[in-house]
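Here the structure is laid out as structure tokens; the discussion comes afterwards.
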């Protein structure tokens, strides 16, 4: 079977590494042969691979960086909408789902000659429902909000590829986040950024502007070998209590993943493989719990000036099935010190912009920052298709980015914020010598504002917003 694992733009390299690690797990090797495509050298929004059908279960359970796992159903040349209908109507959809299940179809394109994606979507949808009506005598209903089955098609200039979505809800929706907060980082983007920092479990990790704790929770789950899909897989049984505000009611073990609503995965053999995958993951989790017997052993900590966010972080930590309470304080970032007085470690932060930093515990009401302007947690199209859209939608995204940059420019002129950045840069020099500092921001001028020269900058996309991950290597002070 052919799969395409979607990821945020810029994370193709760490995703390819993650897929190799998943394929190398003993229980995943036992499923059959895996062949991962060469790592993309330019942004593709994902990585392809070939593997057994059961690979869909392992990928959905274990991929931290992936957004969706798409199963390729067909690929063919096309010239007009009727070609899409013929291809889709020739597929045996009745072998995958029933006419009693609800359906959603999404189509995206890159340099497609077709004039309307909406019409292309309609033709593929008609082909699927007509096929099921002809075979079963009944046709499925369309549900764009909470579908049982999702079909995705992607158009290039000459080729159409049709996929079944085996994930259902996007994989970054882990099921532990209580509230969005101001503009939270998607969990899979946070996991990918962690891979760029080269942080390893057991190494000190600190976020002085931790917000609702996305970086730190992802790191703690990595250290404890907790699969990102554990809650949706029902691995905690009655012990897990997903938030009543956790995105949508679907992100629970009751609804699980998209593949669980497809016929082939309901066969006894696949059900047995699914149980085996979860049991192997649970055994590894129990092993790592013994290794990190206390929260202090994780060496993961944070702080935030906003008391509400600190409280939110604590609740998210518990729902993520992490031990005890997180090591977190309500504190101004300018007063934060290296945890445990360690002389080296990794600091990772996604700073908010503007007045939230300089007014303790809240945000000014007279202005909107660029973090507030973007809804980074919206359920927008996934990145392979988000980056490669037809001209009209590209223009819309350019307009959106230009608006965000204008807001950002206004924030940069705020003398209080500029002064905060200068003070924070000096604070890093004075108190975090020997540390590697990583900052995700849409502010390309940040190094100059901190008055620290970056050693590396990595382009990334936070939803539609182009960002940079800046790395700063803080030199240890020489003894007097």
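Suppose R0 equals 56 Å. What FRET efficiency, 1/(1 + (r/R0)^6) with r the Cβ-Cβ distance, do residue 296 and residue 82 give to the nearest 0.05? Let's see the in-between values first.
On the way: r = 64 Å, r/R0 = 1.15.
The formula returns an efficiency of 0.30 here.
From the alpha carbon gyration tensor of the stretch 81-124, can you work out the equivalent ellipsoid semi-axes (sqrt of 5 times each eigenvalue) and give them in Å, largest to smallest?
Numbers: eigenvalues 102, 29, 13 Å².
Taking √(5λ) for each eigenvalue gives 23, 12, 8 Å, largest first.
Multiplying the residue separation of residue 116 and residue 344 by 0.36 nm and removing their Cα-Cα distance gives an extension gain of 76.6 nm.
Set the Förster radius R0 to 35 Å, insert the Cβ-Cβ distance between residue 287 and residue 325 as r into 1/(1 + (r/R0)^6), and round the FRET efficiency to 0.05. Walk me through the intermediate numbers first.
Numbers: r = 23 Å, r/R0 = 0.65.
Efficiency for this residue pair is about 0.95.
For the pair residue 1 and residue 157, the difference between a 0.36 nm per residue extended length and the Cα-Cα distance amounts to 53.7 nm. Quick check on the stretch 45-140: take the gyration tensor over C-alpha atoms, sort the square-rooted eigenvalues as a ≥ b ≥ c, and tell me if it's rounded (a/c under 1.5), prolate or oblate. Cα axes put the stretch 45-140 in the oblate bin. Eigen-decomposition of the gyration tensor built on the alpha-carbon atoms of the stretch 293-337 gives equivalent ellipsoid semi-axes of 19, 14, 5 angstrom, largest listed first. Here, the stretch 168-218 is characterised by an Rg to Rh ratio of 0.97, where Rg is the alpha-carbon radius of gyration and Rh the Kirkwood radius.
Using a ≥ b ≥ c from the Cα gyration tensor of the stretch 38-93 (square roots of the eigenvalues), is it rounded, prolate or oblate, where a/c under 1.5 gives rounded and otherwise the larger of a/b and b/c decides, a/b for prolate?
Values: a/c = 2.82, a/b = 1.59, b/c = 1.78.
Note, shape of the stretch 38-93 comes out oblate.
Extension gain, residue 133-residue 41: 0.36 nm per intervening residue step, less the Cα-Cα distance, totals 28.8 nm. Of interest is the spacing of the C-alpha centroids, which for the stretch 436-480 and the stretch 251-312 amounts to 31 Å. Each peptide in 205-211, 40-46 receives the mean, over its residues, of other Cβ atoms within 10 Å, and ordering these scores from highest gives 205-211, 40-46. By definition, a body whose alpha carbon gyration tensor gives a ≥ b ≥ c is oblate when a/c is 1.5 or more and a/b is not larger than b/c, and the stretch 256-319 fits this oblate description.
Taking each pair of distinct Cα atoms in the stretch 93-146 once, what is the resulting Kirkwood hydrodynamic radius in Å? Intermediate values should be presented prior to the final figure.
On the way: mean 1/r = 0.0830 Å⁻¹.
Every distinct Cα pair counted, the radius reaches 12.0 Å.
Taken along the Cα-to-beta-carbon direction at a fixed 7 Å, the label points for residue 466 and residue 200 span 3.5 nm.
Its relative contact order, with pairs defined as Cα atoms under 8 Å and 6+ residues apart, puts the stretch 1-49 at 60 percent. As a length-normalised measure over Cα pairs under 8 Å and 6 or more apart, the relative contact order of the stretch 27-126 settles at 20 percent.
Since every read-out is calculated from the coordinates, none of them should be taken as a lab result. These numbers come from a predicted model, not from an experiment. Heads up, the Cβs are rebuilt from the backbone with ideal geometry, glycines too, and the neighbour counts pull from every protein chain shown.
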